[in-house]
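A quick write-up on the structure given underneath.
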Amino acid sequence: MSQQPSSASPMQLFNAYRRRYPIINDFLKFGTVGASGFLVDVTIYYLLQWLLGIPHLTARGMSFWFSASWNWYWNRNFTFKHRRHGRKVTQWVGYIITGGVGFGLNWGTYYLLVTYVEFFDQYKILALIAGVGAGMMFNFVSARTLIFRSI
């Protein structure tokens with residue numbers, strides 16, 4: 001007896017996988033928060049350079065703190081709201097510390113690209129995007145397993 005093909009729509013299949021594998025749902029939410037944090041990061045980065053004349057490497061370091069705090073707030077209250085929450089200050093500090101490692105990957109990628117690849121020195125925003133991508137996976141794993149652990 002042969003099995004008939006599923007008549008489920010792509011969205012129904014996607015939602016079934018999200019329910020079966022909650023990590024997919026967490027990753028999608030984390031990515032959404034990260035995208036909004038990226039907008040905060042880029043906005044602060046450019047404002048610091050253009051309005052205040054701060055050098056790009058310093059501006060890059062400073063913009064991290066704004067976006068990391070933004071991301072912590074939204075990951076706590078949106079992405080991982082169903083998970084255990086400790087004291088806010090303690091959790092924020094842990095998030096910033098683990099985020100610092102991810103930022104090391106992020107900033108290091110940015111620095112190496114703008115320093116050693118002429119193309120990226122001319123198009124720094126692309127180096128910034130590459131840096132964000134380099135740190136994202138580490139940040140997701142550490143947020144999910146260390147900062148916002150399961151109940």
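Every number here is computed from the coordinates shown, using simple stated rules; none is lab data. All values reported here derive from a predicted model rather than from experimental measurement. Ideal geometry is used to build each Cβ from the backbone, glycine not excepted, and the neighbour counts take in all protein chains shown.
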Which whole-Hz couplings ³J(HN,Hα) result when phi for each residue of the range 32-46 is put into the Karplus expression 6.51 cos²θ - 1.76 cosθ + 1.60, θ = phi - 60°, listed in order with x for Gly and Pro? 5, 4, x, 5, 5, x, 4, 4, 4, 4, 5, 4, 5, 3, 6
Which residue, 126, 71, 57, has the largest displacement toward the positive end of the dipole of the chain when charges sit on each Cβ (Lys, Arg +1; Asp, Glu -1)? 71
Would you mind checking which residues have amide H under 5 Å from residue 54's amide H? H placed 1.01 Å from N; only 5 or more apart, or other chain. 49
As computed over the range 1-144, the Cα convex hull volume per residue (Å³): 154 Å³
